[in-house]
Amino acid sequence: MRDEPLSDSVADADRKDRVAVNRGNATAELLAHPAEAKAHETPALISKPSTFAFGANWQRFLRHFTEDRVRNAEHSLLEFLGVDNLQGKSFLDIGCGSGIFSYAAYRLGAVRVVSFDADPLSAQCCSYLHDKAQRPANWEIHQNSVLNEDFISSLGKFDVVYAWGTLQHTSRMWDAIQHSANLVSKGGFFYIAIYNQVDGLLGSNFWRAFKRFFNSLPRAGQYLIELVAIPLYFLARRLHARSLIADVQSYESSRGMYWRTDITDWLGGLPYECATVEEVFKFVRTQCRGFELYNLKTTNSLANNWYLFKRTAD
């Protein structure tokens, strides 16, 4: 891992594999002064830039980072994988975001952890947690894209390839799924989550258009929409929960996430792609050969369907 900080600009397409590292005061700045939520250009190696500042949103998440969140992330990983630990396993975190699941994998005993994200601020967030873990040599962080075939082919194979809710934000979701699946070793796991395709008036097409509108607004306008969305969100969830406090606690214990960060992510997360369970299953079966479905968690809503495939053949 190179000890080189990222520059503020990401327009330099020649630097296709920049490692995000924050040291000293730079690490404190990450939390003390989160970046303004504006669109960040991704490197030229990505065909279409993201129009949502995912990294800036993850910076805000780290201001609410706690030990409980890490333990919840660990539990989420182990429970869905059906294992007791990750000892002796290699772990690839595609679209690492805040880095919390890379951090969890390292703590669970993974012998090699590789994290990468196309967003430079997300890579910096992950580097902040790398610092928190005392900079272990077996955890490396890159700023790069799952769509960059040269980069992907340089990584090798992994026992666990993890891409939870990230491949749908690449603008080329099916290519991203195939590239990711190619990194799974024989006997390894492919753990992904993809937004569910929902038809109807307020279905997936509506939200795709809404996200474009949201990202066209200045930050002040986005913030006003968030203020309106928050009570509506909890009102909808309250219909299925015993109390607001219990609902928030249940939400945050599921994967260690923070509800406020996830609301902003949902409103603005663009590019936005989705698929039915049948579409994802058929694609992996026909285009990513050698996989069998090992675990599945589905939803009827617009949220993510969770998939766990196991590679049984090369």
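Being in a loop (DSSP other than H, G, I, E, B), under 15 Å from the mean Cα position of the chain (by Cα) and at pLDDT 95 or above: is that true of S115 here? Taking the combined requirement at face value, the residue does not satisfy it.
If the condition is being closer than 30 Å to L308 by Cα and without any contact (Cβ under 8 Å) to a residue 24 or more places away in the chain, then the stretch 189-208 contributes D199, G200, L202, N205, F206.
Of all residue pairs spaced 6 or more apart or on separate chains, those with beta-carbon atoms under 7 Å, a first member in the stretch 268-288 that is closer than 23 Å to R208 by Cα and a second member that is of a type in the set (A, V, I, L, M) and surrounded by 20 or more Cβ atoms within 10 Å (Cβ to Cβ) are E273/M173; C274/I194; A275/I194; V280/I194; F283/I177. Looking at L183, L155, L147, L202, just one residue is at pLDDT 95 or above, out of contact with any helix residue (DSSP H, G or I) (no Cβ under 9 Å at 6 or more places or on another chain) and either over 18 Å from T276 (Cα atoms) or not β-branched (V, I, T) (or both), and that residue is L155.
Does H169 count as within 16 Å of D262 (Cα to Cα) and at pLDDT 95 or above? It is true that H169 is within 16 Å of D262 (Cα to Cα) and at pLDDT 95 or above. Within the option set I245, I230, being touching a helix residue (DSSP H, G or I) at 6+ places or on another chain (Cβ under 8 Å), of a type in the set (A, V, I, L, M, F, W, C) and at pLDDT below 95 holds for one residue only, I230.
The set of residues from the stretch 170-199 being in contact with a Phe, Trp or Tyr (Cβ under 8 Å, 6 or more places away or on another chain), of a type in the set (G, A, S) and not in a strand (DSSP E or B) comprises S180, A181.
Is one or more of the residues making up the stretch 264-280 over 30 Å from A56 (Cα atoms) and not hydrophobic (A, V, I, L, M, F, W, C)?
yes
The sole residue among G99, G109 that is more than 11 Å from the chain's Cα centre (by Cα) and on the phi > 0 side of the Ramachandran plot is G109. The helices (runs of 4 or more DSSP H) falling completely within the stretch 47-109 that include 1 or more residues that are charged (D, E, K, R) and modelled with pLDDT of 95 or more map to 67-81, 100-107. Output the residue which, of all residues in the stretch 134-146 that are under 20 Å from the mean Cα position of the chain (by Cα) and among the hydrophobic types (A, V, I, L, M, F, W, C), is surrounded by the fewest Cβ atoms within 10 Å (Cβ to Cβ). Residue satisfying both the conditions and the ranking: W139.
Return yes or no: is C125 closer than 17 Å to F158 by Cα and in contact (Cβ under 8 Å) with a residue 40 or more places away in the chain? For C125, the condition - closer than 17 Å to F158 by Cα and in contact (Cβ under 8 Å) with a residue 40 or more places away in the chain - is not met.
Taking the condition among the hydrophobic types (A, V, I, L, M, F, W, C) and either in contact with a strand residue (DSSP E or B) (Cβ under 8 Å, 6 or more places away or on another chain) or surrounded by 23 or more Cβ atoms within 10 Å (Cβ to Cβ) (or both), does A105 pass? So A105 passes the test.
The values are calculated or read from the model by the stated rules, or taken from the named source; none is laboratory data. These figures come from a predicted structure and were not determined experimentally. Cβ atoms come from the backbone with ideal geometry, glycine included; neighbour counts cover every protein chain shown.
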